[in-house]
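The values are calculated or read from the model by the stated rules, or taken from the named source; none is laboratory data. From a predicted model like this one, the values you see are computed outputs, not experimental measurements. Because the Cβ atoms are built from the backbone with ideal geometry, glycine has one as well, and the counts that use them run over all protein chains shown. Side chains included, ligands, DNA and RNA excluded: accessible areas come from the protein's heavy atoms. Shrake-Rupley method; radii C 1.70, N 1.55, O 1.52, S 1.80 Å.
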Amino acid sequence: MPAGGSLWGGFWEQRARQLQRQVQSFKTLNVALFFSVQQYQERIRENRSEATRSLAGDGRQQPLRRSRYPALNQLCQGVRRLKEDLKEFHASSLVLLRGYQAEWEACVSEVAAAVGGMRLDAEALQACQATAARLEQSLQESRARLRAERQRRRLLHNALVELRGNLRVHCRIRPLLPLDNEPGDAVSQSSAVSAEVVRAVDDETVLVKCNRPGHPSINKTYNFDRVYGPAESQSVVFGDVCPLLTSLLDGYNVCVMAYGQTGSGKSYTMLGPHSKGGESHSDMGIVPRAVEELFRLISENPPSPEVEVSVVEVYNNDIVDLLAKDSPAVTSGAKREVTAAGDARKEAAPPTCKAVGSASELLRLVRGGLQHRARLPTLVHEDSSRSHLIVTVTVTTALGPDSADPPTGAGRKSSVCGPARPPRPPEPAGRAEQACATLQLVDLAGSECAGVSGATGPALRETSWINRSLAALADVLGALSEHRGHVPYRNSRLTHLLQDSLGGDAKFLVLLCVSPSQKHVAQTLQGLGFGTRARQVERGQARRRPRSRTGAV
Ligand SMILES: Nc1ncnc2c1ncn2[C@@H]1O[C@H](COP(=O)(O)OP(=O)(O)OP(=O)(O)O)[C@@H](O)[C@H]1O
């Protein structure tokens, strides 16, 4: 309770206000209760009057109920019928259901049987796959064996070739080109494939298969030491020439000669697509590649040998010096004639022979010489060579005291090895020995049929000389293969120039170029025949070409 009198007064005032508020709320509650009581009383009254009304209505409805009995009866009968229908429906549904169940069970057993069958199939498939894998493996093994056998056979064949005289024939089939289309020939124009009648069966076999209406059908195979298909690159072809350069530096004469009809790819193979240079490295022909490889080998094996080059062409059976640029005769258009080494007629000058110190220097000279080479567009080839081109690279190497006649390739990175030969007797003291070897790179003019090439006038004379010199070449090879006592080298300037390589002791590679086209099939058969005859030549083993510093070869 508060302590002071004023505090007491405040307390009671507050208390009085509270009580007044309570009284007020009780009054409000009382009024609300009053109204509720009145509402309840009102509801009781309403219920009473409703009950009275209901009792009165029940008395009125008795007759109505009685009138509704028949309808109720009908309704009951309808319900009964409905129940019976329902029962029937149930029974028929049951029958259907059983039928469906039987069908389902049959399906299930069919599926089970199929699954079982599939499992068996899968097992059989697995067994087949296992067999296929075994067969694949044995195929791989057989292939590897075949490769090894081929390699062995090639080595044996190489040894045989060395023994028979180092003359190899490689055949290159060029791709089909637009120039192979025969004017007006619907077949070859519409289908390049049908016009392709020459193909490489494997890397040693060429197949010629041709059925032309009105001509006897041809189906013939030819074997060579190596066959290049149309897709084989310049570098692949050079890969087989490359080892010969090692032999050259070991003192062996080497000759690589491209033979084939006009437009068959000889210049492409030997020089590249543009003989004037500027081609991409991958297109480079054998001449630039051989020159680069030669100087690469030289740089790896010091001391450097002396290298000289001469470039001549045989044109209309005249030997023309293509390096004699300074000659007024050449600049004025007439060409200077020279003679083959060993020719009895001494009145003609030997070809210009230039010393070179690098591959680029040598190639510059060759390209310069090529600008003077005789060329002419013909109906068969728009840039046809009308002369035989002979690039001769002479390499003179000083031989060490223990280097007399080693097996080919000794001391070099790679080589085409011949069988070992007995050592030569030692040179007298004080005489340094030199190996002087020549590399002849020959791009022959193409054989051609005057009627087909459309040659007339001077061009016809060129064609005639080309064909005559190629016939002379075939005669020489024929005489060599038959071991005739007389070999007609002097029937043509070409064979005379190549005498050392053809009948001598050089390592000789003939690159036989052929067109795959049906249009050229007759010339192709002639070329393949030439290659086959060349393979029959046996010349004896290649020998190194040593000479004393003072003496001649
Ligand atoms: N392997 C090849 N791949 C692509 N094109 C080639 C191939 N061989 C030759 N050719 C093309 O075929 C055409 C004829 O080739 P090439 O000039 O070498 O013939 P050729 O035998 O030297 O003819 P000719 O004896 O008349 O001079 C050229 O356009 C050349 O580029």
ask   = Among residues other than VAL442 whose Cβ falls under 11 Å from its Cβ, what is the net charge (Lys/Arg +1, Asp/Glu -1)?
value = -1
ask   = Summing Lys, Arg as +1 and Asp, Glu as -1, what charge do residues with Cβ under 15 Å from the Cβ of ARG53 carry, ARG53 excluded?
value = 0
note = Candidate cut points under trypsin sites (Lys or Arg not before Pro) in the range 210-276, DSSP loop plus at most 14 other Cβ atoms within 10 Å of their own Cβ, are LYS276
key: In order through the range 294-306: 3J(HN,Hα) via Karplus (6.51 cos²θ - 1.76 cosθ + 1.60), integer Hz, x for Gly, Pro   = 4, 6, 5, 4, 4, 5, 8, 10, x, x, 6, x, 7
task = Report, in whole Å, the centroid distance computed from the Cα atoms of the range 204-273 and the range 98-154.
result = 46
task = Give the long-range amide H neighbours of VAL487: residues separated by 5 or more places, or on another chain, with amide H under 5 Å away, using H modelled in the peptide plane at 1.01 Å from N.
result = none
Solvent exposure, largest accessible area first (probe 1.4 Å, DNA, RNA and ligands not counted), of TYR259, TYR40 = TYR40, TYR259
key: trypsin sites (Lys or Arg not before Pro) lying in DSSP loop within the range 60-93, provided at most 14 other Cβ fall within 10 Å   = ARG68
task = Could you tally the net charge around VAL169, taking each other residue with its Cβ under 10 Å from the Cβ of VAL169, Lys/Arg +1 and Asp/Glu -1?
result = +3
query = What are the semi-axes of the equivalent ellipsoid of the range 71-164, taken as the square roots of 5 times the eigenvalues of the Cα gyration tensor, listed largest first and rounded to whole Å?
reply = 87, 11, 6
Distant-in-sequence amide H partners of VAL201 (H built 1.01 Å from N, under 5 Å) = VAL206, LEU207
query = Counting only residues 5 or more places away or on other chains, whose amide H sits under 5 Å from the amide H of ALA445 once H atoms are built in the peptide plane?
reply = HIS388, LEU389
key: Under Karplus coefficients 6.51, -1.76 and 1.60, residue-wise ³J(HN,Hα) of the range 125-142 in Hz, glycine/proline x   = 4, 4, 4, 4, 4, 4, 5, 4, 5, 4, 4, 4, 5, 5, 5, 4, 5, 4
request  = With θ set to phi - 60°, apply the Karplus curve 6.51 cos²θ - 1.76 cosθ + 1.60 along the range 228-241 and write out the HN-Hα couplings as whole Hz, x wherever there is a Gly or Pro.
outcome  = 10, x, x, 8, 6, 7, 4, 5, 5, 4, 5, x, 8, 8
ask   = For HIS90, HIS170, what's the largest-to-smallest order of accessible area, 1.4 Å probe?
value = HIS90, HIS170
task = Determine the alpha carbon to alpha carbon distance for each of LYS266/LYS507; LYS220/LYS519; LYS209/LYS266; LYS266/LYS354 and list only those over 21 Å.
result = LYS209/LYS266; LYS266/LYS354
note = Ordering 199-208, 503-512 by per-residue average of other C-beta atoms within 10 angstrom, highest first, gives 503-512, 199-208
